[in-house]
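To start, I am sharing the structure in question, which I have written as structure tokens.
The values are calculated or read from the model by the stated rules, or taken from the named source; none is laboratory data. All figures in this text were calculated on a predicted structure; none of them were measured in a lab. Cβ sites come from the backbone with ideal geometry, for glycine too, and all protein chains shown count toward neighbours. The protein model used for the area step is the full one, side chains on, heavy atoms only, and it has no ligands, DNA or RNA in it. Shrake-Rupley method; radii C 1.70, N 1.55, O 1.52, S 1.80 Å.
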Amino acid sequence: MPEMPEVQGLVDFLDERLDGLAVESLELASFSVLKTFDPPPQALAGAPVDGVHRHGKFIDVDCDGIHLVVHLARAGWIRWSDELPRTVLRPGKSPIALRVRLVDGSGFDVTEAGTKKSLAAYLVRDVQDVPGIARLGPDPLAEDFTRDVFAALLAGRTTQIKGVLRDQSLIAGVGNAYSDEVLHVARLSPFAKAASLTDEQVDTLYAALRSTLSDAVAAASGKPAKELKDAKRAGMRVHGRTGEACPECGDVVREVSFADRSLQYCATCQTGGTPLADRRTSKFLK
């Protein structure tokens, strides 16, 4: 799933290429992907692109006050073309969900792989009309997201810290992959309770959150959209590296599997050498 660094990379990529252009048309290959009905897709015809922005994991293309907002979900992506084909999109015949065609013939497709379709697009006049954006917590790289703000967010929460980091209503933009990475850098168990962290651990986790995301955003900056996925995988320390050696201590990277996802961690670095049981509700193995 694309997370903040990759989404920021896509936003920067699109912002550079859409600068000074106008939309010719918004074409839908999946009618269910568009979650709004007013304004209609035809309202974008001829609208100049004023900028591309990010809200958490949402991409926001501002077209003269009408915002095309896209959430890529688990398997969505952006595919750019300097010259889009003139063929009519046929529903269900390709991974393309929608196409934005620009007046110079270039444009981009929003695609979604797999059979489970959860990609979502919205046309709104105010981005706060998108429910997912209205519920977003603070951006962890914002200047006003201080250590004290972070500590207040954790205080009193008995949920596992992994879940807190992934909760978009608490912290915007972090998902399964980067929460694994942040916790590895902070040397914390993903099952640690948020409210149980010491002041020193909060300091360490805050620094790990900011540095890990900042480094990942910098690594994504300037890369073409087609290279961002590989860049993300190459930069991972533990996420997606089950069975490989931990880059810090050399111990094997372990995994806990859930129904629809998994997490990766290093027992030596994060849990005092004790493996975590591979069950959704488990704690430490006895």
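Which one of these is open to solvent by less than 60 Å² (accessible area, probe 1.4 Å), modelled with pLDDT under 95 and in the same structural domain as LEU154 (by the TED database): ALA234, ALA216, ALA225?
Among ALA234, ALA216, ALA225, only ALA225 is open to solvent by less than 60 Å² (accessible area, probe 1.4 Å), modelled with pLDDT under 95 and in the same structural domain as LEU154 (by the TED database).
Select from the stretch 15-37 the residues that are among the polar types (S, T, N, Q) and open to solvent by less than 70 Å² (accessible area, probe 1.4 Å) and list them in ascending order.
Of everything in the stretch 15-37, those that are among the polar types (S, T, N, Q) and open to solvent by less than 70 Å² (accessible area, probe 1.4 Å) turn out to be SER25, SER30, THR36.
Right, something else. Looking at the stretch 50-65 only, could you name the residues that are more than 20 Å from ASP104 (Cβ to Cβ) and touching a helix residue (DSSP H, G or I) at 6+ places or on another chain (Cβ under 9 Å)?
Those that are more than 20 Å from ASP104 (Cβ to Cβ) and touching a helix residue (DSSP H, G or I) at 6+ places or on another chain (Cβ under 9 Å): HIS53, ARG54, HIS55, GLY56, LYS57, PHE58, ILE59, ASP60.
Collect the residues in the stretch 252-286 that are at pLDDT 95 or above, within 18 Å of TYR178 (Cα to Cα) and open to solvent by 50 Å² or more (accessible area, probe 1.4 Å), keeping them in residue-number order.
Passing the criteria: ARG254, GLU255.
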